[in-house]
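First comes the structure, then the notes that go with it.
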Amino acid sequence: MLTDFAQNILGDEHEEDYQSLAESPTVKELLNYQEPILHDDLSVEVLNRFVRDSSLFSLAIVDKLNRPVGLIDRGTITEIFVKPYARDLHYRQLITEIMIDNPVIVDIHTTIDDLAKIIIDSGMRHMSHGFIIVQNEVYVGLSTGHALLEEITRRKQRDLYYLAHYDQLTGVPNRLLFKDRLVKSCQNAHRSEMQTAVMFIDLDRFKFYNDTLGHSFGDLILINVAKRLSECIRKSDTVARLGGDEFVIILQNIINVEDCENVAEKIVESVRQPMTIYERDVNITASLGVALFPLHANSVDEVIAKADAAMYEIKQQGRNNFLIYSPDFDLGLIERNSLEINLKEALENGQFTLVYQPQVNLLDNSVIGVEALLRWHSPTLGFVPPNKFIPVAEDCGVIHELGLWVLDQACLQHKKWLEKGLPSIKVAVNVSAIQLDHEDFLENFKAVIDAHQIDPAAIELELTEGIMLKQMETTLKTLNALKDFGVRISIDDFGTGYSSLSYLRKLPLDKIKIDRSFITNIHTTSANEAIFTAIMALAKNLSLEVIAEGVETRDELKCVLGHQCIEAQGYFFSKPLPADDLVSWLGEHNDVVSST
Ligand code: C2E
Ligand code: MG
Ligand code: MG
């Protein structure tokens, strides 16, 4: 997954990350040694071992050469000896009479991915009584499917950590890790009475190349630039990509402004050197804004804003150079607030719309509902995706009003469809954590639904998993009240929160939506499939409905259905559609149902 280049620039500090990503561990990781039982041992002796050690789940049975011939699990032995007549029958019998004689035996060098497949193929029977691990056919220990699942989940989380913290194209840290490292560096600067510098870097002619020569051309420019930037700094410093052609650098332990100027000059010079891509000469230049903590700012957010203001200023002044922050530049920040201001006006000026993505029951192909997704077309900024404006709306508080608008529209639409003679279509709306924190949330929410006089059960709230981690008690109270009111509650993007699954028991949930990252290529990725299976088992245990998010291909769909998940949403069925298009889609979709 990673380029050599990415490995080089990440350096030794991340070697461990690489190893875990590059290699698939073997079942050795799961080994748990338990003294085996000889096949001519008596059942009573084995029973004694289980009685003595309550932590024993299962034991391997071996022949004289220490080769496994069977497995006996706690369940079997307890079941047998609990019955009085069976006691007489089996007391002095050889253990081989009551053992499982087709245990899963795997070599210590088998990869964990292969093992996952073996366990899934054998119908998950070996989750608790486990399997025997051998080396050169000789018994070396035991393990269970649960231990395997834990290991796979841990690896998946490590991969997700990588995905969440590194830029996939260039291999350098992304915004999240940048922020993390900046916080640490500023704390250090505070202690050591030195400075931390933040450099904002924007490429000057990137858009031209990207638009005229294509994205793969643009990608190579970005990879090249990341490499050059990394060569200009020390190992302890950080280059990160924030997105698009925006890079940022953290310089640690800076003594004076001149130190920064030297590095900034080096960077401008290095990026300016022509590069050759697909045999074409490319001349890219960079504009840099630099600010220092604590010289120019008292907080992490402030130093970022000031470096950004300096970059904005250098762009105004003619690019291809750098500027160190000065208080005169603060005016530029006003421009940056435009997204926020635009957002506030957008609601008043009717620039928002909702689109609806169908959710399908896979057993009879019927539509069980739709998810309402917000769209913003700004006359000045163009189309702004929700992932970009929702966080701003959360920061500036607009989300409360916006969230109620979404609910209002969703209710209105639900009613309109009913009036058109369509069956009741359940509408799911996304609710952000910030909204739930608002003291009037519950009251406002109910008021909107009441005003439309619709059945509250026609509305489903989608909450992200992270919501539950903070302020558990107040959140729980609000959710319980909503549930009593009659609305349905689901957990969105499930599996990405890395949180303990046990908290689910406490929540009044109807459904979990398994995150798209587990569905992508589920049919070829055994780790994804194993996690999916575990989540399905958990949901069943808690009597929750499950829907798979982001199903794009027929193979993914088949696999999801194969695991008894009977609801799905994704591009395979339809992208999110405007309300009227959804009606036509429903018509065609029903045709498909009736014609098959
Ligand atoms: P989400 O709630 O998890 O919504 C699913 C996202 O995945 C949507 O992106 C949808 O268009 C996309 N998607 C659905 N099927 C597929 C697929 O098969 N493949 C791929 N690649 N993507 C698929 P969208 O509309 O850009 O929304 C992004 C996120 O923004 C949403 O994630 C949600 O967290 C947030 N959002 C959207 N509307 C609202 C809203 O009204 N309120 C709040 N608070 N958040 C919203
Ligand atoms: Mg959602
Ligand atoms: Mg989702």
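The values are calculated or read from the model by the stated rules, or taken from the named source; none is laboratory data. Computed from a predicted model, the values in this text were never measured in an experiment. Cβ placement follows ideal geometry from the backbone for every residue including glycine, while neighbour counts extend to all protein chains displayed.
Considered as a group, the residues in the range 125-139 that are surrounded by fewer than 15 Cβ atoms within 10 Å (Cβ to Cβ) and not basic (Lys, Arg) include one that is modelled with the lowest pLDDT, and that residue is SER128. Scanning the range 211-242 for residues that are in a strand (DSSP E or B) and modelled with pLDDT of 95 or more yields THR238, VAL239, ALA240, ARG241.
This table checks each residue for (1) within 16 Å of ligand 3 (Cβ to nearest atom); (2) touching a strand residue (DSSP E or B) at 6+ places or on another chain (Cβ under 9 Å); (3) farther than 24 Å from PRO576 by Cβ; (4) at pLDDT 90 or above.
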site	(1), (2), (3), (4)
ASP455	no, no, no, yes
GLU460	yes, yes, no, yes
MET472	no, no, yes, no
LYS483	no, yes, yes, yes
ARG488	yes, yes, no, yes
GLY495	yes, yes, no, no
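Here GLY145 meets the list (1) farther than 12 Å from ILE112 by Cα; (2) touching a His at 6+ places or on another chain (Cβ under 9 Å) almost entirely, failing just condition (1). Taken together, the residues in the range 363-387 that are away from ligand 2 (no atom under 16 Å from the Cβ) and farther than 26 Å from ALA457 by Cβ amount to 9.
Screening LEU149, LEU163, LEU142, LEU94 for residues that are farther than 15 Å from ILE61 by Cβ and either at pLDDT 90 or above or in the same structural domain as LEU31 (by TED's automatic domain parsing) (or both) leaves exactly one candidate, LEU149.
The test for being more than 16 Å from ligand 2 (Cβ to nearest atom), over 30 Å from the mean Cα position of the chain (by Cα) and in the same structural domain as GLN409 (by TED's automatic domain parsing) holds for GLY350.
Pairing residues of the range 564-593 that are in contact (Cβ under 8 Å) with a residue 24 or more places away in the chain with residues that are within 16 Å of ligand 2 (Cβ to nearest atom) and of a type in the set (Gly, Ala, Ser), at Cβ distances under 6 Å and at least 6 apart in sequence or on separate chains, gives CYS565/ALA548; ALA568/ALA548; GLY570/GLY550; TRP585/SER574.
Within the range 449-477, residues that are of a type in the set (D, E, K, R) and within 16 Å of ligand 1 (Cβ to nearest atom) have Cβ atoms under 6 Å from residues that are in a loop (DSSP other than H, G, I, E, B) and at pLDDT below 95 in these pairs: GLU465/GLY497, counting only partners at least 6 apart in sequence or on another chain.
Within the range 63-79, the set of residues being surrounded by 16 or more Cβ atoms within 10 Å (Cβ to Cβ) and either outside the structural domain of ASP53 (by TED's automatic domain parsing) or of a type in the set (A, V, I, L, M, F, W, C) (or both) comprises VAL69, LEU71, ILE72, ILE77. Would you point out the residue of the range 394-420, among those that are assigned to a helix (DSSP H, G or I) and modelled with pLDDT under 85, that is surrounded by the most Cβ atoms within 10 Å (Cβ to Cβ)? Filtering first and then ranking leaves GLU394.
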